[in-house]
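Inspection log for the structure reproduced underneath, given as structure tokens.
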Amino acid sequence: SQTIHQWPATLVQPVGSPLSLECTVEGTSNPNLYWYRQAAGRGLQLLFYSVGIGQISSEVPQNLSASRPQDRQFILSSKKLLLSDSGFYLCAWSVVRGSGANVLTFGAGSRLTVL
Amino acid sequence: GENVGLHLPTLSVQEGDNSIINCAYSNSASDYFIWYKQESGKGPQFIIDIRSNMDKRQGQRVTVLLNKTVKHLSLQIAATQPGDSAVYFCAESFSGNTPLVFGKGTRLSVIA
């Protein structure tokens, strides 16, 4: 069965410090991978998605970046965090089914607080 | 996205009553719709999905209704329980690899 791991679960960082959130998927090959951000009490904002190694699509211009060094690994990074980067970051994966359905499965999330 | 900056609407329901959560989607070309449930501090979890060639689909205690004429999707939860308290998101998709587009979410509070 497929599983998705996301870490760290909780992170408190000072403004201006770097960030690295990691996500790995097991039990599937060539998944689509996604990073979403969710501010407290808000909806889901798509940040990046990837359909293959080295292929990254950015949805929102900001000081964050994403990389996919391996098929089942997706990393969210920042060189200098801003206060506005605080939020709940969610990694997700999907494989498009024969029916065309693109069902996302989410990780447990990483809560980032920038002070 | 335009929905992410809005505070979530809240629906309060008495335990045992039925809940109806509504969602308006934007793209008439969308051919696949999903409902997710997100409990506090956790990632969203898949509940039920429906293809555009259907107008109703039932699961365990949940029913999804699709009205393509008015681009409206609803999730009905029968005999709502305290464990149903969560934020519910609808999502739409119109092609295989295109990311899901999520609605703004609704917070369901179950009153015991």
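The values are calculated or read from the model by the stated rules, or taken from the named source; none is laboratory data. The shown structure was predicted, so the numbers you read here are calculated from the model rather than taken from an experiment. Glycine also receives a Cβ, built like all others from the backbone with ideal geometry; neighbour counts cover every protein chain displayed. Note: areas computed on protein heavy atoms with side chains; ligands, DNA, RNA excluded. Shrake-Rupley method; radii C 1.70, N 1.55, O 1.52, S 1.80 Å.
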ask   = Residue check, A:S110 against (1) of a type in the set (S, T, Y); (2) over 29 Å from B:L8 (Cα atoms); (3) open to solvent by less than 30 Å² (accessible area, probe 1.4 Å), all met but one. Which one?
value = (2)
request  = Look through segment B:60-84, keep the residues that are without any contact (Cβ under 8 Å) to a residue 60 or more places away in the chain and more than 13 Å from the chain's Cα centre (by Cα), and return whichever of them is farthest from B:S28 (Cα to Cα).
outcome  = B:G83
ask   = Only one residue in A:G16, A:G41 is open to solvent by less than 70 Å² (accessible area, probe 1.4 Å), assigned to a loop (DSSP other than H, G, I, E, B) and at the interface with chain B (Cβ under 9 Å from one of its Cβ atoms). Which one?
value = A:G41
query = Going by the conditions given, is A:T28 part of a loop (DSSP other than H, G, I, E, B), of a type outside the set (A, V, I, L, M, F, W, C) and either under 15 Å from A:V95 (Cα atoms) or open to solvent by less than 50 Å² (accessible area, probe 1.4 Å) (or both)?
reply = yes
task = Considering each of A:T113, A:T105 in turn, give the residue that is more than 11 Å from the chain's Cα centre (by Cα), under 19 Å from B:G105 (Cα atoms) and polar (S, T, N, Q).
result = A:T105
Residues (open to solvent by 30 Å² or more (accessible area, probe 1.4 Å), more than 10 Å from chain B (Cβ to nearest Cβ) and part of a strand (DSSP E or B)) located in segment A:44-74 = A:Q55, A:I56, A:S58, A:S65, A:S67, A:P69, A:Q70
query = Quick one: which of B:K71, B:K56, B:K37 is on the phi > 0 side of the Ramachandran plot and out of contact with any Gly (no Cβ under 9 Å at 6 or more places or on another chain)?
reply = B:K71
